[in-house]
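> The structure's right below; bear with me while I get my questions together.
The values are calculated or read from the model by the stated rules, or taken from the named source; none is laboratory data. Computed from a predicted structure; not experimentally measured. Here the Cβ positions follow ideal geometry from the backbone for every residue, glycine too, while neighbour counts run over all protein chains shown.
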Amino acid sequence: MRLLVLLCLITGAKSCWFVSKENTLKKIIKHLGGRTYIDRAYVHEMETTMPKIISWAIEQIGVDSAFEDCDADKDGKITIDEMRATATCLTSCTKLSILNTVL
């Protein structure tokens, strides 16, 4: 319930006070553990091993929209470099907040 209230507050805000793209990338890199990309199969596999609330959060972000925003070369894989360099990737406060909560 607290997470839901926090997300509602962040969604209404127009700036990110306590999340950043670079800090989120650091968490993602640490979580991937040497893996250099994320594909849909990895996301779906990850969802099956996580608690339902985290799977719900991932679906709220939208796997397809994440690939649309972050997969610059449209090869079905989002690399760390694409996350860092793509201007549309990890720019939404809501998405950053959910990702930071999940990670």
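> Given the conditions (1) more than 19 Å from residue 88 (Cα to Cα); (2) part of a helix (DSSP H, G or I); (3) modelled with pLDDT of 85 or more, and given that residue 34 satisfies all but one, which numbered condition is not satisfied?
Every condition holds for residue 34 apart from (2).
Residue by residue, here is whether (1) at pLDDT below 85; (2) under 10 Å from the mean Cα position of the chain (by Cα) holds:
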{"site": "62", "(1), (2)": "yes, yes"}
{"site": "71", "(1), (2)": "no, no"}
{"site": "85", "(1), (2)": "no, no"}
{"site": "93", "(1), (2)": "yes, no"}
{"site": "97", "(1), (2)": "yes, yes"}
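> Any residue at all in segment 53-64 that's closer than 15 Å to residue 92 by Cβ, in contact with a Cys (Cβ under 7 Å, 6 or more places away or on another chain) and of a type outside the set (Phe, Trp, Tyr)?
no
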